[in-house]
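The values are calculated or read from the model by the stated rules, or taken from the named source; none is laboratory data. Nothing here was measured: the structure is a model prediction, and the numbers come from that model. Cβ atoms come from the backbone with ideal geometry, glycine included; neighbour counts cover every protein chain shown. Accessible surface is based on the protein model in full, side chains and every heavy atom, while ligands, DNA and RNA are left aside. Shrake-Rupley method; radii C 1.70, N 1.55, O 1.52, S 1.80 Å.
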Amino acid sequence: MKGIDVCYKQGNIDWVRVKSAGIQFVIPRCGWDVDCDGKGIEPKFLEYVKGALSAGIKVPAVYHMLYAYDEATAIQNAACAINAVRKAGLPLETIIFLDQEEHTVIKEKERGHNVTTEMQLKMARAFCNYILQQGYNTGIYLNHDYIHRVYGEGIVNEYDIWFEDHTNAYPNQPCLYRQVNWYGR
């Protein structure tokens, strides 16, 4: 199956055109941080979900960009992701992916928090486990660097994986979804 991920930076999307280009599913960003009803919900999320579904494009998953410094703020992020998914009317089967990247850790450092790699792993588990406790499916968006430097190999056996791998080979990590580039239009 061929799919795309989107966030507000894509602007207005012609979903009928996307469907005619062969896209079968979309993974929209639902939000970031812990402000569930303000700046933390993705500005175009509800519009994107509605547009995709009305064009016959599946929305099997969403992703939330984690801005956290401890397990409690990671759980607050997870609650915000669930809030967005509920507002969109997406079912419990929807996978809520955690997206924790180097720039989110840098942002926390700018806010005065030192987020170690050990804490990144604890936050990822706290986020994902909270999502599971609320009855939703969950997973982690990651790449080779995050597997080896931050999470460890075992993480791929704990949660569904959306794997960033821009090589031409098949991924050498088990994954539910594989991202092959950043340049779709």
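Below is a table of values for the structure above.
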quantity	calculated
Under Karplus coefficients 6.51, -1.76 and 1.60, residue-wise ³J(HN,Hα) of the stretch 140-147 in Hz, glycine/proline x	10, 8, 7, 9, 4, 4, 5, 5
Added length on full extension, which subtracts the Cα-Cα distance from 0.36 nm per residue, residue 19 to residue 101	26.6 nm
HN-Hα J in Hz across the stretch 125-132 - Karplus 6.51, -1.76, 1.60, θ = phi - 60°, x for Gly and Pro	5, 4, 4, 5, 5, 5, 4, 4
Anchor residue 109: aspartates and glutamates whose Cα lies under 14 Å away (excluding residues fewer than 8 positions away in-chain)	70, 101
Highest-MSF residue in the chain out of 116, 94, 104 [GNM, Cα springs under 10 Å]	116
Amide proton proximity set for residue 161, modelled H, under 5 Å, gap of 5+	140, 176, 177
Heavy-atom surface of the chain, accessible at 1.4 Å and reported per residue (Å²)	51
Pairs beyond 23 Å (Cα-Cα), from 2/122; 44/87; 58/107	2/122; 58/107
Rg/Rg_globular for the stretch 30-126, with Rg_globular taken as 2.2 N^0.38 Å and Rg from C-alpha atoms	1.12
GNM top mover of 14, 33, 99 - the chain, alpha-carbon springs below 10 Å	14
Inter-label distance for residue 93 and residue 134, nm, one decimal - labels placed 7 Å from Cα along Cα-to-Cβ	2.0
In order through the stretch 60-73: 3J(HN,Hα) via Karplus (6.51 cos²θ - 1.76 cosθ + 1.60), integer Hz, x for Gly, Pro	x, 7, 9, 9, 10, 7, 7, 10, 8, 10, 7, 5, 5, 6
Within the chain, longest stretch free of exposed GluC sites (Glu not before Pro) [DSSP loop, at most 15 other beta carbons within 10 Å]	1-92
Area of residue 44 that stays accessible when all protein chains are in place (1.4 Å probe, Å², to 10)	40
Stretch in the chain that is longest and holds no chymotrypsin sites (Phe, Trp or Tyr not before Pro) that DSSP places in a loop and that have at most 14 other beta carbons within 10 Å	1-181
Projected label distance in nm at residue 110 and residue 53, using a 7 Å step from Cα toward the beta-carbon	3.4
At 1.002 mPa s and 20 °C, Stokes diffusion of the chain via Kirkwood alpha-carbon radius, µm² per second	129
Within the accessible area of the stretch 1-142 (1.4 Å probe), percent carbon and sulfur	51
Placed amide H near residue 94: partners under 5 Å, 5+ positions off or other chain	137
Distant-in-sequence amide H partners of residue 69 (H built 1.01 Å from N, under 5 Å)	74
